[in-house]
1. Roughly what % antiparallel, to the nearest 5, for the DSSP beta bridges in the chain?
2. LYS225: which lysines have alpha carbons under 26 Å from its alpha carbon, excluding same-chain residues fewer than 8 sequence positions away?
3. Give the relative contact order (percent, whole number) for segment 176-264; include only Cα pairs under 8 Å separated by 6+ residues.
4. For segment 129-208, with only Lys/Arg (+1) and Asp/Glu (-1) charged at the beta-carbon, what is the dipole magnitude about the Cα centre, in debye rounded to 20?
5. With each label point set 7 Å from Cα along the Cα-Cβ vector, what nm distance links ALA158 and LEU207?
6. For GLU21 and GLU75 in the same chain, what is the full-extension length gain: residue separation times 0.36 nm, less their Cα-Cα distance, in nm?
7. Give me the net charge for the shell around GLU278: Cβ to Cβ below 15 angstrom, other residues only, Lys and Arg +1, Asp and Glu -1.
8. Normalised by the number of residues in the chain, what is the relative contact order in percent for Cα pairs under 8 Å and 6+ residues apart?
Amino acid sequence: MTNVTIGLDVGGAHLKVARVEDGRVVAVRQIACPLWEGLDRLDRALREAEALLANHTVCAVTMTGELTEIFDSRESGVLALIERLRERLTGELRIFMGLKGFASPQAARGDPLSVASANFIATALLIARRQPKSLLIDMGSTTTDIIACDRPLGLTDAERLQTGELVYTGLTRTSVASIANRAPLAGQWQGLARDGFATMADVRRILGDLPDDVDQHPTADGRGKSQEESLVRFARGFGRDAEMRHLPAWQVSAAYVSERQLRSIHDGALQVLSRPAEDVNAVVLAGIGADYAEQIAMRLGLPAITFGALVDAHDDARLWATRCAPAVAVALLAHK
């Protein structure tokens with residue numbers, strides 16, 4: 001009989017699901033789940049994941065969705081999500097509590113702050129076992145985790161924002177206005193409107209290097225995702241209209257914004273590596289922005305490996321195992 005463990009990473013924007021059969025990752029999926037619109041969005045995402053969830057023995061859960069605005073506090077968010085999952089899922093439910101390991105839903109409800117935003121710990125623990133002395137750079141849609149896996153320092157988002165281990169910038173959902181307040185355009189510096197006209201998904205579509213399958217949410221203006229439509233949104237932040245005939249000039253501006261974002265991640269990595277006695281000799285890349293994280297590894301002069309290459313996975317699951325590392329990690333850590 002096949003032993004099936006499911007890993008769930010319940011975020012504020014996505015539900016990430018990993019299926020492990022007899023110790024091997026066989027399927028991984030990211031499903032849009034705009035939790036800020038209500039808990040029914042989680043119900044919908046779980047229904048969409050039914051094929052992956054079928055016939056499981058254990059379901060291991062980690063989360064960051066407790067930060068969503070629909071909850072009064074992180075604690076109440078954790079409790080609400082645990083209860084919703086308990087109602088919707090069958091089989092044994094195991095809640096990840098960071099360095100405290102796994103617990104039953106009842107036990108986890110007694111210590112919700114250990115559950116909150118602990119998904120990075122799952123990834124770091126698995127990496128530390130399989131490739132010690134590694135620095136994890138997990139660039140997701142909204143945030144980037146930078147963890148010395150053998151010795152994480154911060155255990156909460158608040159602590160990690162101080163230590164450099166959490167940089168609140170991501171591949172697609174981050175607003176351009178939060179990255180830069182000016183950019184070069186046509187030989188001059190141009191001030192930018194501090195408004196949410198465009199996101200980093202738009203920047204990457206302008207540059208032509210955004211994978212087709214990673215941007216799962218509507219655009220800032222609710223319009224399409226073509227390069228031309230992205231350019232219209234981006235130019236609006238410059239107080240201008242866009243014309244495709246000037247695309248090469250706009251691509252220089254977009255490249256500058258992209259570089260500013262990478263610089264912030266590089267700064268976080270340098271802060272983490274500056275800790276006394278830190279011993280790191282490789283970078284493990286994860287998240288939908290793993291290719292961008294590889295550029296940080298090159299700047300640090302460290303060899304890089306994808307998270308998916310560290311786990312036993314079907315060939316067609318390896319890319320998404322890298323992109324959804326915490327879901328894969330909790331599944332493997334909980335697998336019996």
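1. Roughly 60 percent of the beta bridges in the chain run antiparallel, per DSSP.
2. Once the sequence-local lysines are set aside, what remains near LYS225 is LYS16.
3. After rounding, I find 37 percent.
4. I would put it at about 220 debye.
5. Result for the modelled spin labels: 3.4 nm.
6. Stretched fully, the GLU21-GLU75 segment lengthens by 16.2 nm.
7. Result for the local shell: 0.
8. It rounds to 22 percent for the chain.
Readers should treat all values here as calculations from the given coordinates under stated rules, not as data from a laboratory. Note that the structure is a prediction, hence the values are computed from the model and not measured. Every residue, glycine as well, gets a Cβ built from its backbone with ideal geometry; the counts of neighbours run over all protein chains shown.
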